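Structure first, commentary second.
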Amino acid sequence: MRMAAAREGTPDLEVERAAHGLRLRGTQLYLDPVGRPQLGFLAHARRARATLPERTIATVATVALLEAAQPRALRKAAPLPAAWGKPFALGSLTITLFPAGHVLGSAQICCQLGGRAVVYAGDLGGWGPRAPATAEKREQLACDTLVLRATYGHPRYDLPPRAEVLEDLSRFVAAALAERRTPVIFAAPLGGAQEAVRHLASQELRLHPAPLRFAEVYRAQAVDLPALLPLTTPRSGQVVVLPAHQRSRRYLTELEPHRTCLLSGRAVDPGFAAQVGVDRALPLSDHAGFADLVEYAARSGARRILTVHGHAEDLAHALRDRGLPAHAIRDHHRQLELF
């Protein structure tokens with residue numbers, strides 16, 4: 001566990017909601033901001049908006065992914081790429097980035113001032129048997145104040161070990177091919193798609209341009225991925241990977257006959273596959289589930305825990321039930337919906 005030093009008699013760093021989202025009080029530093037503030041930390045490339053901060057702190061891998069997906073936005077953002085575990089000064093703050101284990105390049109930011117430390121964990125990945133294979137291994141940090149995103153912060157998100165879900169994915173693909181149908185996998189274009197193709201390396205895989213573009217960056221960052229084909233009309237025996245977005249459905253008319261499978265942590269919800277209109281839904285997620293979020297918060301030793309996004313209220317309540325000093329910050333930003 002990375003430990004943050006602390007001294008008595010020094011002021012706490014505070015996190016507040018301001019014009020562009022969460023901000024470290026008394027500084028210009030926003031955490032995953034909306035709009036175009038002067039300075040912002042971007043935890044990973046998946047949530048990146050078309051407008052980035054004037055100066056954007058991110059990891060080297062996140063900058064590379066942004067260059068592949070949003071080159072125009074990145075050119076206006078004056079990126080400040082940071083290496084893992086290398087502190088740097090930003091005014092009176094000392095800032096260090098550590099792996100969050102969510103997607104390639106995803107980071108936690110530790111901000112230290114006067115011996116106190118605030119950690120914004122961003123989107124954490126799972127731990128142990130639930131950890132993604134294509135992201136850097138998540139680090140556990142200790143701090144005075146922890147800001148934790150609660151995407152899957154409800155107790156019902158008890159995510160299974162990844163190996164079990166990936167075996168179910170293999171069985172889905174094999175069954176579809178045995179029926180002479182094209183297996184179509186809907187997944188997050190950054191993260192979920194790369195996890196799927198890594199597991200299905202023995203198959204011939206055709207990818208939509210978005211996940212294919214990201215896969216090329218993954219490979220350049222030394223992540224082991226198989227050979228991939230661009231999305232054209234597939235031949236018999238090939239597997240197609242599409243972004244988990246409503247617009248992807250237009251490709252299905254060219255893929256008859258087919259079977260569809262969606263990869264999402266929300267697949268643990270009863271009836272989810274029918275709700276989103278797919279043949280199968282599997283709970284493969286690169287987000288930490290409820291148990292991993294609770295464990296991370298408990299091990300942080302934080303004297304103050306702020307939960308944001310998703311199921312922030314549920315997670316804060318569960319943490320308080322365990323004797324941890326947690327409360328939710330209301331998040332007014334709409335979540336993107338799958339299908």
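In the context of the full protein assembly, Tyr251 retains an accessible surface of approximately 40 Å², using a probe radius of 1.4 Å and ignoring ligands and nucleic acids. The charge dipole of the chain, taken about its Cα centre with unit charges on the Cβ atoms of Lys, Arg (+1), Asp and Glu (-1) only, comes to about 720 debye. Take the Cβ atoms of Arg322 and Arg72, set R0 to 41 Å, and the FRET efficiency comes out at 0.35.
Rank these residues by their accessible area, most exposed first, probe 1.4 Å: Ser170, Ser236. All intermediate terms of the calculation are to be shown ahead of the outcome.
Values: Ser170 40, Ser236 105 Å².
Listed by decreasing accessible area, they come as Ser236, Ser170.
In sequence order, segment 178-191 has phi-based couplings of 5, 8, 6, 10, 7, x, 10, 10, 8, 8, 4, x, 10, x Hz under the Karplus curve 6.51 cos²θ - 1.76 cosθ + 1.60, θ = phi - 60°, and Gly or Pro positions carry x.
Distance between the C-alpha centres of segment 301-324 and segment 174-248: 36 Å, rounded to the whole angstrom. Across segment 232-241, computed HN-Hα scalar couplings (Karplus, 6.51 cos²θ - 1.76 cosθ + 1.60, θ = phi - 60°) run 10, 4, x, 8, 4, x, 9, 10, 10, 10 Hz from first to last residue, x flagging Gly and Pro.
For a test of the definition: using alpha carbon positions, the gyration tensor, and the 1.5 limit on a/c, classify segment 188-255 as rounded, prolate or oblate. Mind showing how you got there, number by number?
Working: a/c = 2.11, a/b = 1.37, b/c = 1.54.
Oblate shape, in that a/c is at least 1.5 and b/c is the bigger or equal ratio.
Accessible surface calculations at 1.4 Å, restricted to protein heavy atoms, place the chain at 43 Å² per residue.
What part of the accessible area of the chain, given as a whole %, is carbon or sulfur when the probe is 1.4 angstrom? Write down the numbers at each step before the final one.
Numbers: 7390 of 14650 Å².
Summing carbon and sulfur atoms, their accessible area is 50 percent of the total for the chain.
Expressed as an acute angle from 0 to 90° and rounded to the nearest 10, what is the orientation of the C-alpha long axis of helix 312-321 relative to the principal long axis of the chain? For 312-321 against the chain, the angle is about 60 degrees.
Subtracting the Cα-Cα distance of Glu139 and Met1 from 0.36 nm times their residue separation leaves 49.0 nm of extension gain.
Label positions at Leu252 and Leu225, each projected 7 Å from the Cα along the C-beta direction, are separated by 2.5 nm.
Is segment 62-154 rounded, prolate or oblate when judged by the Cα gyration tensor, a ≥ b ≥ c being the square roots of its eigenvalues, rounded requiring a/c under 1.5 and prolate requiring a/b larger than b/c? Verdict is oblate for segment 62-154.
The values are calculated or read from the model by the stated rules, or taken from the named source; none is laboratory data. Just so you know, these numbers come straight off a predicted model, no measurement behind them. Cβ: placed from backbone, ideal geometry, glycine included. Neighbour counts: every protein chain shown. The area values use the complete protein model at the heavy-atom level, side chains included, leaving out ligands, DNA and RNA. Shrake-Rupley method; radii C 1.70, N 1.55, O 1.52, S 1.80 Å.
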